[in-house]
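Notes for the one structure printed next.
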Amino acid sequence: MSRVERRTKETSVKVEARVVPAEAESSVDTGDAFLTHMVETLARYAGLALDVVARGDLRHHLVEDVAIALGTAIADEVPPEAARYGWATVPMDDALVEAAVDVGGRPYYAGRLPSTLYEHFLRSLAFNLGATLHVKVVRGRDRHHVVEAAVKAVGLALRQALRPGGEEGVFSTKGAVRLTRGSAEGPSAPGPGGSAAATGDGGAAGAEA
């Protein structure tokens, strides 16, 4: 289980995360009903057990910093030999959204959502996870449906990508990507190469793979 605590003058965020083989209950309390719903949704669809407590002065600061802490925590849960890639298409009434992810340590985000706040959420999540994330809204009129379908699609894509892959299961000419983080004090848990101190969209340094 990975633990991340992020405190600034604007927000306080605590996250515990672990990948689980079966459904597990998550506990999420952000003080913002829709953000809580989206984090719970991401956890369920990604196969994660999350414990999140967060508070912030402004909604924008809260949403951004929760995404940063989540991405940092999930990065520490990437298996040393991850399946690496995942993709999904999710329909939700009028909305249809596609997502594709690579957790191999190459931070990048592309995709437009009708909510700039939740587009920023996904971008911050991707960069601090050290992942390439593409999101495509195929169609949709209801902004709530589009955002929720996007989060579900990202979750399902992550569920695939976070599975242990091994040499036989990795869809890459490079084979399995083995990435280990360390410090002067000694090695730390395997991850995609991002720094636990990452503080923004471009703050996660990824290992080229």
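General observations
- Remark: spin-label model distance Tyr108-Val20 equals 3.4 nm, labels positioned 7 Å along the Cα→Cβ axis.
- Two-decimal Rg to Rh for segment 90-133 - Kirkwood Rh, Cα set: 1.02
- For segment 56-125, the square roots a ≥ b ≥ c of the C-alpha gyration tensor eigenvalues yield an a/c of 1.5 or more together with a/b not exceeding b/c, which makes the shape oblate.
- Ordering of 72-83, 105-116 by burial proxy (mean other Cβ atoms within 10 Å per residue, highest first): 72-83, 105-116
- The modelled label-to-label distance between Arg143 and Asp93, using points 7 Å beyond Cα along the C-beta direction, is 1.5 nm.
- Reciprocal of mean inverse Cα separation for segment 38-179 (Kirkwood radius, Å): 15.1
- Straight-distance crosslink candidates among aspartates and glutamates, where the alpha carbon sits under 20 Å from Lys136 and sequence neighbours closer than 8 are dropped: Asp93, Asp94, Glu98, Asp102, Glu119, Glu148, Asp201
Values quoted throughout were computed directly from the atomic coordinates according to the rules given, and no laboratory measurement underlies them. Everything numeric here is computed off the predicted structure, so don't read it as measured data. Heads up, the Cβs are rebuilt from the backbone with ideal geometry, glycines too, and the neighbour counts pull from every protein chain shown.
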